[in-house]
Each structure stands twice: as C-alpha cells, then as structure tokens.
1. Could you pull out the trypsin sites (Lys or Arg not before Pro) across the range 29-127 that fall in loop regions by DSSP (anything but H, G, I, E, B) with no more than 12 other Cβ atoms inside 10 Å?
2. Suppose each label sits 7 Å from its Cα in the direction of the beta carbon; what would the Val142-Leu208 distance come out to in nanometres?
3. Anything over 32 Å Cα to Cα? Flag those among Lys94/Lys144; Lys154/Lys283; Lys84/Lys140, in the order listed.
4. Largest first, what is the accessible-area ranking of Leu8, Leu212 with a 1.4 Å probe?
5. So how much slack lies between Glu39 and Asp134, counting 0.36 nm per residue of separation and subtracting their Cα-Cα distance, in nm?
6. Name all residues of the range 31-46 having a backbone nitrogen under 15 Å from the label point set 7 Å from the Cα of Asn269 along its Cα→Cβ direction, giving them as ranges.
7. Restrict the search to the range 121-172; then list the GluC sites (Glu not before Pro) that DSSP places in a loop and that have at most 15 other Cβ atoms within 10 Å of their Cβ.
8. Using a cut-off of under 16 Å, list every residue of the range 197-224 whose amide N is near the label point 7 Å from the Cα of Arg152 along the Cα-to-beta-carbon line.
Amino acid sequence: MASIPAGLFAVYKPPGVSWCRVRDAVRARLLRELNEAPEPPPRQRIRFLPAAPGAGGEPGLVPAWVPVLAEHPLVRGPRFRQLKVGAGHRLDVKASGVFVLGVGHGNKLLTDRYHCHLTKVYTVGGLFGKATEDFSDTGKLVEKATFDHITREKLERILAVIQGTNHKALLLHSNIDMKTQEAYELAVNGLIRPMGKSPPIITAIRCLQFALPEFQLEIHCVHETQQYLRKIVHEIGLELKSCAVCTQVRRIRDGVFTLDDALLRTQWNLQSIRNAISDCQLKVREELEKTLGHQDKSVPKMAAEVAHEHHKQSL
C-alpha cells in the first residue's frame with residue numbers, strides 16, 4: 001500500500017499559470033497515484049455459514065473465513081480523498097521558476113522557512129525604449145523613448161547605487177551592531193538578513209547580459225514581490241533618462257532549492273516527488289538549523305538590550 005510522502009520539494013512553475021493551479025495539479029496527481037497503488041487484500045473474519053444438510057436432513061452451520069466487505073474499494077471508495085499540499089514563497093501568473101511545495105510535515109517546514117527570511121535569486125529581463133502601465137512588456141503602452149545613449153557602464157553605475165542603498169536598509173532591519181565580532185561572522189557566513197518583516201530589500205544585483213535594447217539582470221532579494229522587481233526595471237530606465245519594461249521574471253533559487261531541484265511538469269508524479277524530498281532533506285534541515293539557530297541566539301540578546309535601555313531611562 002502506498003504511503004503519503006512527507007517533506008519539501010520544488011517544482012518549476014511555468015509563466016502564464018497561477019501558483020494555485022500548479023499546487024492543485026500536483027495534489028491531484030498525488031491523490032490519483034496514491035489511490036491507484038495496489039492495496040492489501042481486505043481483512044478476513046470468521047462467519048458461520050449454512051452447511052449442506054447432514055444425514056438427518058437438518059442444515060448446520062460451519063465456520064469460514066470471509067472478507068470484510070466494508071473495506072472493499074467498491075464499498076469504501078478511494079482510500080485517499082484529501083491531501084494538504086502547502087505552497088512556499090509564491091510566484092505571480094507572469095513569473096516562472098522555482099516554486100517550493102510541502103506535503104505532510106513539510107507544511108510545518110514551510111512555516112519555519114518563512115521565519116528564516118531566506119534570500120531568493122531571480123533573473124530579470126528588461127527592454128529599453130518603452131513604458132507600460134504595469135511595467136511588463138505585455139501591459140498597455142504609455143510612453144516611448146530613445147535608448148541609444150545607454151551603455152553598460154552607465155547601467156552598472158545605477159545598479160551599484162541600488163545595491164548600496166538597499167545594503168543600508170538591510171543593516172537597518174537586521175538589528176545588528178556592525179561594530180561587533182558577531183556582525184563580522186554573520187557577514188562572512190552570509191547570514192545578515194532582516195529579523196522580521198521589512199520592505200523588499202535587494203542584497204545583490206548585477207548585469208548578466210547587455211545588448212541594446214535588451215538587458216538581463218540577476219537580483220538577490222528578500223521580502224520581494226515579482227511586481228516589485230518589474231518596477232525596479234522601470235525605475236532603472238528612468239534613471240538612465242529613458243524608459244524600460246520587464247520582459248521576464250524567473251526565480252532560479254529559493255533558499256537551498258535551485259533550478260536543478262525543480263521538477264518539470266512531466267515529473268509531477270509520486271515517485272519523482274519522493275525522490276526529490278529525499279534528495280533535499282539533508283540540506284533543508286541544515287538550512288533551517290543554521291538560520292533559525294542564529295535567530296534564536298539574537299532574540300534574547302535584542303530583548304536584553306531593550307530591557308537595559310528601559311532601565312537607563314527609568315534612572
């Protein structure tokens with residue numbers, strides 16, 4: 001008999017499809033394959049059945065093993081009728097890429113990952129020369145502009161300014177004293193991140209390709225939305241005295257999950273999902289222990305500092 005898988009795995013969400021349709025398709029496939037798996041035969045129990053008449057012509061009763069019909073699939077119906085599949089950091093309809101799902105105890109792990117404030121990495125495509133209402137290349141056109149004056153060097157200067165501004169915001173929301181040894185160790189290990197809710201923060205941004213009017217960026221960020229990334233492309237165009245629209249938003253990493261871990265549409269089946277959960281189990285556990293362990297140490301320290309400050313004010 002098939003058992004329900006439990007853990008985290010990633011699928012590749014294509015553009016043009018909502019995240020909930022992807023989740024529902026995975027759940028429906030899992031339920032179907034779980035119910036199609038061979039089942040053990042129904043339990044047997046002893047019943048007394050009429051026997052053939054004896055020499056005296058009187059019928060008798062004889063014990064016999066018979067199946068429990070209440071457990072027969074035609075009587076009971078499908079064994080698995082509901083399955084909770086949770087969704088991690090979501091992608092909007094136009095975006096594509098790594099989409100983490102959880103099943104079984106993986107739903108609790110999704111909550112733990114949410115509190116980790118993990119960095120996601122995107123490749124974002126842009127097109128200079130026009131602007132639209134929703135900052136995407138499919139939106140309603142509102143403006144056109146020249147772009148021949150734009151060079152890669154000018155673009156990279158703007159990206160450096162964006163990264164510097166966001167780095168200050170990251171330090172502000174991380175609640176860490178940057179003059180301490182702890183801050184140095186966190187920076188070396190790449191663990192400086194917001195300790196709670198914060199505005200979208202870009203931790204790194206660089207230009208991957210530049211061939212006017214097209215360009216492609218790699219953006220590392222936390223607490224972002226895909227629409228925020230499209231707006232960044234729009235604002236880059238304005239800073240370069242032109243305009244720009246976003247042609248693609250593709251998530252290539254979500255925490256420890258990368259494109260190599262993401263299951264394609266043809267792999268959304270029970271066995272592939274079991275394998276994916278098994279392959280990622282160790283690195284997911286290490287990610288949570290590393291990040292949540294740092295936060296558990298920081299919270300008491302922050303509370304002590306606040307208490308000390310209140311004590312000073314009361315004096």
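1. Here the sparse-neighbourhood loop sites are Arg43, Arg81, Lys84.
2. For the pair Val142/Leu208, the computed spacing is 2.8 nm.
3. Lys154/Lys283; Lys84/Lys140
4. Leu212, Leu8
5. Taking 0.36 nm per residue and subtracting the Cα distance, the gain is 29.0 nm.
6. 31-38
7. Glu133
8. Hits in the range 197-224 for Arg152 at 16 Å: 206-218.
The values are calculated or read from the model by the stated rules, or taken from the named source; none is laboratory data. Note that the structure is a prediction, hence the values are computed from the model and not measured. FYI the Cβ positions are ideal-geometry reconstructions off the backbone, even for glycines, and counts take in every protein chain you see. Ligands, DNA and RNA are excluded from the accessible area calculation, which covers all protein heavy atoms including side chains. Shrake-Rupley method; radii C 1.70, N 1.55, O 1.52, S 1.80 Å.
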